[in-house]
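Data block below; observations after.
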Amino acid sequence: MTSINELEVKILEINKESLVRTLETYGAVKVFEGDLYSRHYANSSGKIRIRKAGDMVYITKKTAFVYHDIKHALELETYIGDFDTFCHMLDLLGFKMIKEIHKHRTSYILEDIHYDIDTWWDIPTFIEVEGQSEETVVRWVKLLGYEMKDTVAYGSDELWDVYHPKVIKSN
């Protein structure tokens, strides 16, 4: 099992080709490109995520909060065998699937920063900048040509709501 303490911001509606050129100019190394499938489950104890990335399948329990406009998250994660079988087990154990996400991801690593460029089928491409300290995240956001005012600390629910606002009808 892996325990990860990450700090993360997103920059929305990016130009992927331009940002990839900038990352590669700084020496970033591509570590993944492919489709990600995830299902999010909940029960009275909280939420978990099952994710398939290529041949790897893992389960994650994430606890997150926002501080100084940066999302801080403690992730407990371990690899599991079969995506569909494990999801079926969760159904049998009384977990309820609350969300399913399919996206294309390109991941880079540079020094101690992890960059995930994500494209969902109906959300413009964005980048996540993840690091171990606020200073590092802020530094690399600026080196990419952005300011912290250009970032958001959204999770997937908030991101979805930005592009798919709920319509509230008044009588």
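The helices (runs of 4 or more DSSP H) found wholly in segment 70-171 and carrying at least 2 residues that are without any contact (Cβ under 8 Å) to a residue 24 or more places away in the chain and closer than 21 Å to THR25 by Cα occupy 134-143.
Of the candidates GLU13, GLU17, the single residue that is touching a residue at least 24 places away in the same chain (Cβ under 8 Å), of a type outside the set (Lys, Arg), farther than 30 Å from PHE86 by Cα and not in a strand (DSSP E or B) is GLU13. Filtered by the rule that a residue be open to solvent by less than 20 Å² (accessible area, probe 1.4 Å) and either hydrophobic (A, V, I, L, M, F, W, C) or at pLDDT below 95 (or both), segment 109-119 gives LEU110, ILE113, ILE117. When segment 26-63 is limited to residues that are over 17 Å from the mean Cα position of the chain (by Cα), among the hydrophobic types (A, V, I, L, M, F, W, C) and part of a strand (DSSP E or B), the one that is surrounded by the most Cβ atoms within 10 Å (Cβ to Cβ) turns out to be ALA42. For segment 109-158, the set of residues classified as of a type in the set (Gly, Ala, Ser) and either closer than 17 Å to ASN5 by Cβ or in contact with an Asp or Glu (Cβ under 7 Å, 6 or more places away or on another chain) (or both) consists of GLY131, SER133, ALA153, GLY155, listed by residue number.
The values are calculated or read from the model by the stated rules, or taken from the named source; none is laboratory data. Treat the numbers as computed from the prediction; the structure is a model and nothing was measured. With ideal geometry, Cβ positions are generated from the backbone for all residues, glycine too; neighbour counts draw on all protein chains shown. To get the accessible areas, we keep the full protein, side chains included, count just its heavy atoms, and leave off ligands, DNA and RNA. Shrake-Rupley method; radii C 1.70, N 1.55, O 1.52, S 1.80 Å.
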